[in-house]
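K.L.:
Just passing along the structure, written as structure tokens.
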Amino acid sequence: MQKIPITKAGFDKLKKELEYIKTVSLPENIRDIEAARSQGDITENAEYAAAKERQSFIQGRIQELENNLAKSYIVHLNGVTTDKVVFGSTVTLEDMNSGAGITYRLVGPLESDIDENRISVTSPLGKALIGKSVGEEVIVETPGGTREFEIVNISIGT
């Protein structure tokens, strides 16, 4: 089994979601199934069918979270310097074509979220950034074409 890097915050978030599902969502679902079953004939009971479908989803999500936690390893960022881009770095880039600036945090694939500017170290841009320093140019092949960036700043954390 290949291990996947994750930040402490990302690991804790997965654990919290798993705990919530096991202690809140699953018991609620069990009560919903019991309530629907008490209505009599379950063969044409839409509430029962929906509750059973939800139970299947919940069980699948529990298994997915447990698997993700099992194959994750926490990368501690203590003592990491900001002279080069590494896992956990927050990197500010300038698009060489438009001049627009953007800041990304490099995280593991299980916690990447482009809406929150967290990109995976395994993404094309993440791979291109690793090991680079402030002032260096980065060229990335994307589905939309070649993009060129200059690294403006590197920091650790959010």
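K.L.:
Residues of region 123-153 being in contact (Cβ under 8 Å) with a residue 24 or more places away in the chain, touching a helix residue (DSSP H, G or I) at 6+ places or on another chain (Cβ under 9 Å) and within 21 Å of THR82 (Cα to Cα), which ones?
P.N.:
Matches in region 123-153: VAL138, PHE149, ILE151.
K.L.:
Also, quick follow-up: Out of everything in region 1-33 that is loosely packed, with under 14 Cβ neighbours inside 10 Å and outside any helix (DSSP H, G or I), what residue ends up being nearest to the chain's Cα centre (by Cα)?
P.N.:
LYS3
K.L.:
Where residues in region 60-73 are under 17 Å from GLY108 (Cα atoms) and of a type in the set (Gly, Ala, Ser), which of them is nearest to the chain's Cα centre (by Cα)?
P.N.:
Let us first name the residues in region 60-73 that are under 17 Å from GLY108 (Cα atoms), namely 64-73.
Those still in the list that are of a type in the set (Gly, Ala, Ser) too: 70, 72.
On the way: ALA70: 15, SER72: 12 Å.
Looking at residues that are under 17 Å from GLY108 (Cα atoms) and of a type in the set (Gly, Ala, Ser), I get SER72.
K.L.:
Can you work out which of the residues in region 128-158 that are among the hydroxyl-bearing types (Ser, Thr, Tyr) and within 15 Å of THR92 (Cα to Cα) is farthest from the chain's Cα centre (by Cα)?
P.N.:
Initially, region 128-158 is screened for residues among the hydroxyl-bearing types (Ser, Thr, Tyr), giving 133, 142, 146, 155, 158.
Narrowing the set further to residues that are within 15 Å of THR92 (Cα to Cα) leaves 133, 155, 158.
On the way: SER133: 25, SER155: 20, THR158: 15 Å.
That would be SER133.
K.L.:
Of the numbered conditions (1) at pLDDT 90 or above; (2) of a type in the set (A, V, I, L, M, F, W, C); (3) part of a helix (DSSP H, G or I), ALA36 satisfies every one except a single condition; which is it?
P.N.:
(1)
K.L.:
What residue, of SER98, SER120, is buried (at least 19 other Cβ atoms within 10 Å of the Cβ), at negative phi, free of Cβ contacts under 8 Å to residues at least 24 places away in the same chain and not basic (Lys, Arg)? If you could, list the steps in order and put the result at the bottom.
P.N.:
On the way: SER98 fails: buried (at least 19 other Cβ atoms within 10 Å of the Cβ).
After applying the criteria, what remains is SER120.
K.L.:
If I ask for residues that are closer than 20 Å to LYS15 by Cα and either aliphatic (A, V, I, L, M) or in contact (Cβ under 8 Å) with a residue 60 or more places away in the chain (or both), which ones from region 47-73 would you list?
P.N.:
Matches in region 47-73: ILE58, ILE62, LEU65, ASN68, LEU69, ALA70, LYS71, SER72, TYR73.
K.L.:
Looking at (1) exposed (fewer than 15 other Cβ atoms within 10 Å of the Cβ); (2) within 22 Å of the chain's Cα centre (by Cα); (3) in contact (Cβ under 8 Å) with a residue 24 or more places away in the chain; (4) more than 29 Å from LYS15 (Cα to Cα), which is the only condition HIS76 fails?
P.N.:
In the conditions (1) exposed (fewer than 15 other Cβ atoms within 10 Å of the Cβ); (2) within 22 Å of the chain's Cα centre (by Cα); (3) in contact (Cβ under 8 Å) with a residue 24 or more places away in the chain; (4) more than 29 Å from LYS15 (Cα to Cα), HIS76 misses (4) alone.
K.L.:
Further question: Are any residues in region 123-139 surrounded by 17 or more Cβ atoms within 10 Å (Cβ to Cβ), under 19 Å from ASN97 (Cα atoms) and touching a Lys or Arg at 6+ places or on another chain (Cβ under 9 Å), and if so, which ones?
P.N.:
Answer for region 123-139, where residues must be surrounded by 17 or more Cβ atoms within 10 Å (Cβ to Cβ), under 19 Å from ASN97 (Cα atoms) and touching a Lys or Arg at 6+ places or on another chain (Cβ under 9 Å): LEU125, VAL138.
K.L.:
Another question, if that's okay. Residues of region 44-59 being part of a helix (DSSP H, G or I) and not small (Gly, Ala, Ser), which ones?
P.N.:
Step one: of region 44-59, the residues part of a helix (DSSP H, G or I) are 46-59.
If the condition is that a residue be part of a helix (DSSP H, G or I) and not small (Gly, Ala, Ser), then GLU47, TYR48, LYS52, GLU53, ARG54, GLN55, PHE57, ILE58, GLN59 are the ones that fit.
The values are calculated or read from the model by the stated rules, or taken from the named source; none is laboratory data. Nothing here was measured: the structure is a model prediction, and the numbers come from that model. Using ideal geometry, Cβ is built from the backbone for each residue, glycine included, and neighbour counts are taken over all protein chains shown.
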